[in-house]
1. Run the numbers on the chain and let me know its relative contact order in percent, using alpha-carbon pairs under 8 Å that are six or more apart.
2. May I ask you to give the average projected area over all directions of the convex hull of the Cα atoms of the range 112-223, in nm² rounded to one decimal?
3. Output the DSSP H helices from the chain with an along-axis C-alpha extent of no less than 15 Å and a mean Kyte-Doolittle hydropathy no less than -1.0.
4. Accessible area per residue of the chain at 1.4 Å probe, in Å²?
5. Mind checking the alpha-carbon convex hull of the range 55-177 and giving the volume per residue in Å³?
6. In what sequence, highest mean first, do 107-114, 22-29, 158-165 appear when ranked by Cβ atoms within 10 angstrom?
7. Kindly state, to the nearest 0.05, the FRET efficiency for Arg112 paired with Met184, given R0 = 30 Å and r defined as their beta-carbon distance.
8. With a 1.4 Å probe and every protein chain kept in, tell me what percent of the accessible surface of the range 59-201 is carbon plus sulfur.
Amino acid sequence: MTDVPASHPRYASLRTRDAIVAGVEAGVTSIHGLIAHGRGEAFDYLLGERTRGFAHEAIDAAAAMLATAVRPVVSVNGNAAALVPGELAALAAALDAPVEVNVFHASKERERAIREHLLAHGAREVLMPTGHAVLDHLDSNRRFVHPDGIGAADVVFVPLEDGDRCRALVRSGRRVIVVDLNPMSRTSRTATITIVDDVTRAMPVLLERVAAHRGHAGAARAALGRYDNARVLQAAETAVRTG
Ligand code: PTJ
C-alpha cells in the first residue's frame, strides 16, 4: 500500500488504485484494467467522488430487480474482482446466486486466478466460461458463458461491462444491471439499469438495499415499475457536464 495517511484528501482514491495495482500483480486484473480504471477515475472526479442521488435511485431499482429475479447471476471481470471481491461474494450469497467469471481480454490463467481470488473472499459457487454456451450477437471472448449461469440467467449484474456484451445480453432478452462511472458509454446507454458510481462505493449500498427488498416482492416490483433509467442517465450526464 502506498504510504499515505488516512487524512489525505485523496486517500480513498489512492487505496482503490492500490487495489487495482495489486490485482494486476496477482494476475487477477488485466494490464488494460489500469487504463479502464483511470477513465473511471476521471468521471468520478467530475462527479465529486460521492454517490449521487441518481446513483442511489439506480441502486435501489437494481436491488429490487435482483431480489425478484428468478435466476440472477453476478458476472465478474478482472477489475471488479480486484476492487470488490468480498462484496460480490456477499451479493451472490444474499441472492443465492452463482458468481460467473467472464473477461474481455482472453486468458485462461487469469480466469482461474479470478476464481481462486473470489473463493478466497467467501464466494461459494464460481462458474467458469465454457464452450457449451455461447451468447449470440457477440464475437469477443465474453461470448463464452456457463450454461447454468449467464446462459440460464434472467438478470445479470455486471460491474464494468463492455458495450458489446451488454448489447448482446439485452438482445437475448436478459435484463442487465451495470455499474459504470461513464453515463455516456455504450454500456450505460444499453443496460436495463445503469448505476453511475464507483463500484467500491456502490456495492455496500447495493447489499443494504437487497437486504431491504428481500421478502417484499410486491413492493420491490412496484419500485421497479416507477424506475426510469433514461431519466437517471440524463441526470448523471448533466452532473458530469455541470458538476
Ligand atoms: O478483466 P477483463 O479482461 O474483462 O477487462 C476488464 C476491463 C474493465 C479492462 C474491460 O472490460 C474494459 O476494457 O472495459 P472498458 O470498455 O474500458 O470500460 C470500463 C468502463 O468502466 C469505463 O466506462 C469506465 O468509466 C468504467 N469504470 C472504470 N473503473 C470503474 C468504472 N466504473 C465504476 N467503478 C470503477 N471503479
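The values are calculated or read from the model by the stated rules, or taken from the named source; none is laboratory data. This is a predicted model, so every value here is computed, not measured. Note that we place each Cβ from the backbone using ideal geometry, even for glycine, and neighbour counts take in every protein chain shown. Accessible surface is based on the protein model in full, side chains and every heavy atom, while ligands, DNA and RNA are left aside. Shrake-Rupley method; radii C 1.70, N 1.55, O 1.52, S 1.80 Å.
1. Here the relative contact order equals 24 percent.
2. 8.0 nm²
3. Helices meeting the span and hydropathy rule in the chain are 11-25, 32-46, 53-67, 85-95, 199-213, 229-242.
4. Per-residue accessible area for the chain comes out at 45 Å².
5. Enclosed volume per residue, from the Cα hull, is 96 Å³.
6. Averaged packing, sorted descending, gives the order 158-165, 22-29, 107-114.
7. Efficiency for this residue pair is about 0.30.
8. 47 percent
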